[in-house]
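Down below is the structure, laid out as structure tokens.
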Amino acid sequence: ALAGKDLLYISKIASSMKPSVVASVTSEVQIRALSKLSGGIDAISLSNRYLETFAFDNTGAQVLDLLSSDALKEYKEKNPETVVLVEGRVGIIEIEDGKGDKSASLYIEALKSAGAMGAFVGGGLANIKDGGVGDYLKSFK
């Protein structure tokens, strides 16, 4: 993670060049660091990756927890136009429906219900087992 002044510097450079700026975060601490900036971030991508080890949270709980966190709520109050994306095993992670059935589509629905507006998908496209996952991924539009 970048130090506060480095994060501010890089976000100002990026926004002056006029590209969209997407900040990928893995913790509430990182979301709070973004909250200290005065704009410049177009989207936040909440990640299921552990930055310390680059391993994934294969349960998907990390992103679901971040979506419901106080840190993200506070950030969105200050920056209501910011798009909230998710990344990391989207389309692969499966969750249970309470009846014992598991699917990636259920996880995608949980992400959407929690406030995700879109997803970065990589391996999920290569590993689709559930015929409806593609349709659920498209439903972020």
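Which of the GluC sites (Glu not before Pro) found in region 18-90 are in a DSSP loop and have at most 14 neighbouring Cβ atoms, other than their own, within 10 Å? Spell out each step's value before the answer.
Details: sites: 28, 52, 74, 77, 81, 87; in loops: 52, 81.
Answer in residue order: 52, 81.
Which number comes out as Rg/Rh for region 1-75 once both Rg and the Kirkwood Rh are worked out on C-alpha atoms? Don't jump to the answer; show the numbers that get you there.
Working: Rg = 12.7 Å, Rh = 13.0 Å.
Value, to two decimals: 0.98.
Placing +1 at every Lys and Arg Cβ and -1 at every Asp and Glu Cβ, with all other atoms neutral, what dipole size does region 49-128 have around its Cα centre, in debye to the nearest 20?
Details: 8 positive and 13 negative charges, 31 e Å.
So the dipole magnitude of region 49-128 works out to roughly 140 debye.
Nearest 20 debye, what's the magnitude of the dipole of the chain about its Cα centre given +1 on Lys and Arg Cβ and -1 on Asp and Glu Cβ? Display every interim value, and only then the final one.
Numbers: 16 positive and 18 negative charges, 103 e Å.
With Lys and Arg at +1 and Asp and Glu at -1, about 500 debye.
What share of the DSSP beta bridges in the chain is antiparallel, in percent to the nearest 5? Let's see the in-between values first.
Values: 3 of 15 bridges.
For the chain, the DSSP antiparallel bridge percentage is about 20.
Which value, in Å², gives the accessible area per residue of region 1-122 when a 1.4 Å probe is used on the protein heavy atoms? Before the final figure, lay out each step's value.
Working: 6760 Å² over 122 residues.
Result: 55 Å² of accessible area for each residue.
When volume of the Cα convex hull per residue in Å³ is calculated directly from the model, which label among (i) 115; (ii) 211; (iii) 123 fits?
Among (i) 115; (ii) 211; (iii) 123, the one calculated here is (i).
Which of 97, 70, 57 ends up with the largest GNM mean-square fluctuation for the chain, with Cα atoms connected below 10 Å?
Of 97, 70, 57, the Gaussian network model singles out 97 as fluctuating most.
Can you work out the FRET efficiency for the pair residue 8 and residue 51, with r the C-beta to C-beta distance and R0 = 25 Å, to the nearest 0.05?
Calculated transfer efficiency: 0.80.
Considering only protein heavy atoms and a 1.4 Å probe, what is the carbon-and-sulfur percentage of the accessible area of the chain?
54
The values are calculated or read from the model by the stated rules, or taken from the named source; none is laboratory data. None of these values were measured; they are calculated from a predicted model. Cβ atoms come from the backbone with ideal geometry, glycine included; neighbour counts cover every protein chain shown. The area values use the complete protein model at the heavy-atom level, side chains included, leaving out ligands, DNA and RNA. Shrake-Rupley method; radii C 1.70, N 1.55, O 1.52, S 1.80 Å.
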